[in-house]
Structures are given as structure tokens and as C-alpha cells.
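Engineer: Dropping the structure in here first, questions after.
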Amino acid sequence: MYSLYLLQKYGDKPRPTKFYAEKYLAIAGNLRSEFLEHLESEYRPAVHGFNNCYSVRMFERFTDWFGFTSTPKVKHNKIMMTQKTEIFDKVFLWKN
């Protein structure tokens, strides 16, 4: 739900998917270090692994699939940008 709220708040213009992953990770609190510990490898930092995992699961497999966001495919190691669509605002609305 927090990711959808972030899209409502910041999704009007294209942003890197990493932007949303970092904000999501920032609220993880104590779970952050425990979770990242499992993603650490000698080939890449744990945060990079989290960003990739978040981008695939949140955007490619959820919001893009339902048409809530537009996240063009990019080549490996390129910055993925995403933006919410008109459908998103018709389906989701949070009031402050």
C-alpha cells in the first residue's frame, strides 16, 4: 500500500524505479538490515539487489501489468523510469 501511495504522490512525472525502492526501504526500520543481509553478495551491494527485486515485483509484475504505471523496458544495468497512468488515478485515491 505504501508503494501505491508513493506513486500517487510522486508519479505524475517519470522517476527512476530506484526512487520508490529507496523510499520503501527507508521505512523498513529494523527489518532493513535483516532483509538486506540476505541479499548481500560479492558481486553487488545488497541495496542494488533490493532495488532490482522491488522494481521487478512492484512495477513489471504488478502496476505495469494492470496498466497503473508505464515502465519502459531497458537493457541490463540501465536506469528504469516509471510514471503512473490515468488508470492509476481512477482506481486509487488517498486523502490527506
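The values are calculated or read from the model by the stated rules, or taken from the named source; none is laboratory data. Bear in mind that the values here come from a model prediction, so they are computed numbers and not experimental data. All Cβ positions, glycine included, derive from the backbone under ideal geometry; neighbour counts span all protein chains shown.
Engineer: Take the residues of region 46-96 that are of a type in the set (Val, Ile, Thr), crowded, with 16+ Cβ neighbours inside 10 Å and touching a Phe, Trp or Tyr at 6+ places or on another chain (Cβ under 8 Å): which is modelled with the lowest pLDDT?
Structural biologist: The first filter runs over region 46-96 and keeps only residues of a type in the set (Val, Ile, Thr), leaving 47, 56, 63, 69, 71, 74, 79, 82, 85, 87, 91.
Still in the list and also crowded, with 16+ Cβ neighbours inside 10 Å: 47, 63, 69, 71, 82, 85.
Add one more test, that the residue is touching a Phe, Trp or Tyr at 6+ places or on another chain (Cβ under 8 Å), and what stays is 63, 69, 71, 82, 85.
On the way: 63: 95, 69: 96, 71: 91, 82: 94, 85: 96.
Ranking the qualifying residues of region 46-96, first place goes to 71.
Engineer: Report, by residue number, each residue of region 51-96 that is assigned to a helix (DSSP H, G or I) and touching a helix residue (DSSP H, G or I) at 6+ places or on another chain (Cβ under 6 Å).
Structural biologist: 51, 54, 55, 58, 59
Engineer: Further, regarding this structure: List pairs: first residue in region 7-28 and over 20 Å from residue 91 (Cα atoms), second residue aromatic (Phe, Trp, Tyr) and at pLDDT 95 or above anywhere in the structure, Cβ distance under 9 angstrom, at least six positions apart or on different chains.
Structural biologist: So the pair list comes out as 19/10; 23/10.
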